[in-house]
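Structure first, then comments.
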Amino acid sequence: MREITYRQALNEALAEEIERDPNVFFMGEEVAEYQGAYKVSQGLLQRFGPRRIIDTPISENGFAGLGVGAAMVGLRPIIEFMTFSFSLVAFDQVVNNAPNMFTMSGGQLNIPITFRGPNGPVHQLGATHSHATENFYASVPGLKVCAPATPRDAKGLLKTAVRDDNPVLVLEAELLYSSKGMVEPPDKELLILLGKADVKREGSDVSIICYAQTVPLALKVAAQLEEEDISAEIVDLRSIKPLDEKTIFDSVTKTHRVVIAEQDHPFCGVGAEVCYRIQKNIFDALDAPIIRVSQEDVPMPYNERLEHAVLPNAEKLIAAVKQVCYA
Amino acid sequence: MTAMQPGGQRDEVEMLSLMLLIRRFEERASQQYQAQKIGGFCHLYIGQEAVVTGAVAAVRDDDYIITAYRDHAHALARGTSADACMAELFGKETGCSRGLGGSMHFFDRRNHMYGGHAIVAAHVPLAVGMAFAIKYRGEDRVTLCFFGDGAINQGAFHEALNLAALYKLPIVFICENNLFAMGTSVKRSTSLKQIVDRTEGYDIPGEIVDGMNFREVRDKIVEVVDSIRKEPHPAFLEARTYRYRGHSMSDPASYRTKEELEKYRLDDPITRLRAQLTREEKLTNEQFDRLDKQAKETVLAAVKFAEESPQPPLEKLYDYTYADGAKP
């Protein structure tokens, strides 16, 4: 194991999959000559050339659709959205074409495509550039959605996504690109299954269910709560769809109390689905109502203080944990 | 028709018989729709037959084709059986999309017919992606992308044309201009005098062809495709045609006059090819009648096949969501 950044982990995953499979190509805005808007694709053009690493004009609908069409005849495209806020311009391709093709064609055409890029609020980018899109996309049958929080998960999930025979969205997080973590060396194949959550910290009093940017937040909060003798278990979903019910239920059966820390909006958010499944399946395991900590239900304001108030943050998360623990 | 044949070499009598099959299939589909055997939307191709038959006659069987929702003819032209097409309309498991697609979503991968796409212009980027894959693999296939005049004002169309030109992809964009996007005349939807002029902005060569004339469509596409196979590039054809029926089954087409319809009926693509072949002594009246009778019988048999075919089983409802059978 060695320590690398989330950005480097993604870069390694891309390079390894492009190297491994001649049908894989990588396309998006500024991915080649500019080396990636967030430098995730640094060096790929030099290594693999312009046939495999392809710059596009600013035409998300066009190049997302190009990827789906190439996948219809057997290629395995990786399409980068500079941010998933821009994927909304390509919503028709991601929602109507990619996941429907397998059904509409009666199983003749599957779409092995990966859409990836940063997702969720960053810092003072305002309403149009701060979308957390996981709940939109996870609601669509035929799509798979994952949201890695660590460099190791980012590498392993992206590699798995590229090999999956369905459309998979890898929702990264810009705020995590420079974060570091231990990852297997490049000569050791690292694949992480979609649909497997990961207990990032064991605890006994409360389960904090989180993913992507809320994982480091929850870990920080757990350390603070430890000082107040509250032992929090951190369940990182990693994959939103498919959802790993077993790991969630095992944790809740142990702690009996749940807070969901999610980066999307509260109305029809990811946490709503998780809550539903917990109460439906293990109602008797609960000692308190579940609380969700999400964004506030407003478009993202630019002002820094207001933005902080909108986001799931440490104060809100600690208050929620204390409430479910009656502490 | 599944055997590999060089472009432009299809027997014309055989292609006339294909046009008859399409015409009789659509007439029977209309009747079965009215009898409520067919659900959803149903858009008929009657009047436009020369476009797809001319195009298919001009290319190889391994070239890719993709179209919009007026797609029954494109599948039939590619060799999908009338049985599989009618069964799809009936929503049966034996349909070309297992009864899961319906009228607007016909697919036949084996015959390189990639749909059947129902969001206007959303398949034009897909077509560009298929052409991208051809060039990526260094093949000499081409992609034929059909769409209606209504598609040319969608953003997806413009983005796709720019990408095709930028990456020099082997694709022929074929605009089946039947003068109406649903009920809106081209004159009321499009800022240009001629649709083909759209392509100038993308530096894509464009031409107009008479979409009621099988030979003209075929010969133009042979020429364009020859050029593309030598050096990949996009091309654009505006095929001027006319649909005799409304936009869909529910449309009485009151936005146009009987006189206009009659004018186009006099220029019928089947009548025209028949007259050409008869004049050249390649076809007798008896032969024509026999071909027409065959087409009618094939379609009647297809209705019987569709009627008798099983429904898609309920137990398989979740089998066609994820290719690996994943359960969310």
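The values are calculated or read from the model by the stated rules, or taken from the named source; none is laboratory data. The shown structure was predicted, so the numbers you read here are calculated from the model rather than taken from an experiment. Every residue, glycine among them, receives a Cβ derived from its backbone with ideal geometry; neighbour counts consider all protein chains shown.
Couple of notes before you dig in:
- Odd one out for residue B:129 among (1) more than 9 Å from every other protein chain (Cβ to nearest Cβ); (2) free of Cβ contacts under 8 Å to residues at least 40 places away in the same chain: (1)
- Some residue of the range A:262-275 being among the acidic types (Asp, Glu), on the phi < 0 side of the Ramachandran plot and part of a helix (DSSP H, G or I): yes
- Residues (among the charged types (D, E, K, R) and either more than 26 Å from residue A:35 (Cβ to Cβ) or surrounded by fewer than 24 Cβ atoms within 10 Å (Cβ to Cβ) (or both)) located in the range A:61-113: A:76, A:92
- Total residues in the range A:25-43 satisfying the condition of being over 21 Å from the mean Cα position of the chain (by Cα) and under 20 Å from residue A:169 (Cβ atoms): the figure is 2.
- Filtering the range A:95-125 to residues that are within 14 Å of another protein chain (Cβ to nearest Cβ) and aliphatic (A, V, I, L, M) leaves A:95, A:98, A:101, A:104, A:109, A:111, A:113.
- Selection within the range A:234-261 - free of Cβ contacts under 8 Å to residues at least 40 places away in the same chain and either aromatic (Phe, Trp, Tyr) or surrounded by fewer than 24 Cβ atoms within 10 Å (Cβ to Cβ) (or both): A:245, A:246, A:249, A:250, A:253, A:256
- Matching residues in the range B:51-79 - criterion: being within 14 Å of chain A (Cβ to nearest Cβ) and polar (S, T, N, Q): B:67
- Candidate set: the range A:57-92, residues that are within 24 Å of the chain's Cα centre (by Cα) and part of a loop (DSSP other than H, G, I, E, B); chosen: the one farthest from the other protein chains (Cβ to nearest Cβ): A:83
- All conditions but one from (1) within 7 Å of another protein chain (Cβ to nearest Cβ); (2) in contact (Cβ under 8 Å) with a residue 60 or more places away in the chain; (3) buried (at least 24 other Cβ atoms within 10 Å of the Cβ) apply to residue B:97; the one that does not is (2).
- The residue list A:150, A:128 contains one member that is more than 14 Å from chain B (Cβ to nearest Cβ), touching a strand residue (DSSP E or B) at 6+ places or on another chain (Cβ under 8 Å) and modelled with pLDDT of 95 or more, which is A:150.
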